[in-house]
Amino acid sequence: MIDIEDRLTFDERSTVDYILALRKRWADTVYPALAQEYRTSGAPARTVEEAAGRLRELSLYPWYSHLERVQQKMLWRSAGDAVISRRADLIDQLNASEGAGGTLTLDPELDLPGWYTDFDIHLQPGGFFSDDLSAYVYEFGARIVMLRDNDGYKFHRLFAETALPDLPSAARVVDIGCGFGKSTRPLAARYPDAEIIGVDLAAPGLRLAHAEAEAEGTAISYVQGDGRATGLQDGSCDVVTGTMVLHEMPAQAVRETIREAARLLRPGGALRFLEFQPTGEPFRDATIFEHAERNNEPFFHDLFASDLLESCREAGLTEPSWSPFDERNHGVSPGGWGERREWHFPWAVLAATKPEN
Ligand SMILES: C[S@@+](CC[C@H](N)C(=O)[O-])C[C@H]1O[C@@H](n2cnc3c(N)ncnc32)[C@H](O)[C@@H]1O
């Protein structure tokens, strides 16, 4: 597979490096300076709302929030330019994907929901679904968004290794909102004998996911579909999982996705979603809540305002829980996120079990 980063011109490389450095300094220098100004500006806030009010009074706040949004826009511009100028080669590669025995099932009639198509999620122009090249742009951009710390899919591998149960060999695992397969291929590595299915609304993502899996020699079934109604059989799956997908849906759609996951699971099967949760520290949480506006995440607040443990129970699942997830070292970390000087996402795993009859 062509890795676009191997083909960048000197100018393109310089631009990408500049944006990456800007993002790193925003996270490890500007954010701690903002936190320090907050600490010296008065007693700690007791609620997120109070902390958000205090945040807006700080002298560093306009600089901090401007930088977060502007570097995200710069990122998509440079990733988009780099991808579009290599369109022909990249499209050829999507069309020539076979070898590992995986499948790609697209549904041109699939009705994409308005809440999905109406927003440029993460500020990516045209979103993830609108053009054959959208997934290449997203794949490139996501490396920078994660500050290159997720190169090699480190977070996703940690999730597969520490959050998911051991399974018998003839198992079936479904990845809802699989995107371009960044979350799905680590599942195939974790369960080499299992049937792995990736479901996503976006055809461009699935086409790239399929091409990359085939090139790598990993047989995965990719299906265009809605996580709320996958069309898979009742009780046919051992694990239903998803990473970074629930926060992109409105509250009602998240509940429907949990109900669908419960329907798909066999007795004893496991639901596992990697998402974000508030840390309980008002200042930290206020900056995370505001990320929603600055990064065009229209449903981020729905996730934080929803009681997904209750949604799991309503769907007939037992033992629902949220566990903090440390993406740097240990994966699932029941002890909490710990002190973090730099800005970071408070990753968390939603877990629940389908009862044995
Ligand atoms: C932030 S991406 C995460 C992709 C991948 N799981 C990862 O970790 O890189 C969210 C994905 O969820 C998909 N998505 C959003 N709502 C969905 C739904 N109702 N059904 C299926 N896919 C959905 C989007 O198209 C997108 O590919």
Farthest toward positive dipole pole in the chain [+1 Lys/Arg, -1 Asp/Glu at C-beta], among H122, Y18, A160: Y18
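Name the shape class, rounded, prolate or oblate, that the alpha-carbon gyration tensor gives for region 110-182, where a ≥ b ≥ c are the square roots of its eigenvalues, rounded holds for a/c under 1.5, and otherwise prolate holds if a/b is larger than b/c and oblate otherwise. Let's see the in-between values first.
On the way: a/c = 2.69, a/b = 1.45, b/c = 1.86.
Taking the square roots of the gyration eigenvalues as a ≥ b ≥ c, region 110-182 is oblate.
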Whole-Å distance, taken between Cα centres, linking region 256-286 and region 327-357: 11 Å
Share, in percent, of DSSP beta bridges within the chain that are antiparallel, nearest 5: 40 percent
Partner lysines for K154 [C-alpha distance under 21 Å; skip if fewer than 8 residues away on the same chain]: K24, K182
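Nearest 500 deg cm²/dmol is fine: what mean residue ellipticity at 222 nm does the chain get from its DSSP H runs of n ≥ 4 alone, each adding -39,500 (n - 2.57), divided by its residue count? Before the final figure, lay out each step's value.
Working: 14 runs with 155 residues, N = 357.
One gets -13000 deg cm²/dmol as the mean residue ellipticity at 222 nm.
Counting Lys and Arg as +1 and Asp and Glu as -1, what is the net charge of the other residues whose Cβ lies under 12 Å from the Cβ of A203?
Numbers: positive: R207; negative: D107, E109, D131, D132, D200.
The answer is -4.
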Sparsely packed GluC sites (Glu not before Pro) within region 277-357, loop by DSSP, other Cβ within 10 Å at most 15: E339, E342, E356
Centre separation in Å (Cα based) which lies between region 166-232 and region 143-163: 17 Å
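If R0 is 51 Å, what FRET efficiency do you get for R25 and E356 from their C-beta distance, rounded to 0.05? Show your work: numbers first, answer last.
Values: r = 52 Å, r/R0 = 1.01.
After rounding, the FRET efficiency stands at 0.50.
Taking the chain, how much of its Cα-Cα pair set, in percent, is spaced more than 34 angstrom apart?
That tail contains 25 percent of the Cα-Cα pairs.
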Among T257, T40, T279, residue whose mean-square fluctuation peaks in a GNM of the chain (springs only between Cα atoms under 10 Å): T40
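May I ask for the net charge around R313, where only other residues with Cβ less than 10 Å from the Cβ of R313 are counted and Lys, Arg are +1 while Asp, Glu are -1? All intermediate terms of the calculation are to be shown ahead of the outcome.
Numbers: positive: none; negative: D307, E310, E314, E319.
Within the 10 Å Cβ shell, the charges total -4.
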Selected from A160, A27, A262 as most flexible by GNM, with the chain as the system and alpha-carbon contacts under 10 Å: A27
Part-to-part distance (alpha-carbon centres) for region 1-53 and region 92-121, which is given in Å: 32 Å
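Assuming R0 = 35 Å, what is the FRET efficiency of S130 and D166, from their Cβ-Cβ distance, to the nearest 0.05? Spell out each step's value before the answer.
Values: r = 40 Å, r/R0 = 1.13.
Efficiency computed from Cβ-Cβ geometry: 0.30.
Around R13, what is the net charge, scoring Lys/Arg as +1 and Asp/Glu as -1 over all other residues with Cβ under 12 Å from its Cβ?
Details: positive: R7; negative: E5, D6, D11, E12, D17.
Its environment carries a net charge of -4.
Just need the relative contact order of the chain here, percent rounded to a whole number, with Cα pairs under 8 Å and 6+ apart.
Numbers: 637 pairs, mean separation 67.2, N = 357.
Contact order relative to length: 19 percent.
Readers should treat all values here as calculations from the given coordinates under stated rules, not as data from a laboratory. Here the structure is a predicted model, which means the values were calculated and not measured. As a convention, Cβ positions derive from the backbone with ideal geometry for all residues, glycine included, and neighbour counts pool all protein chains shown.
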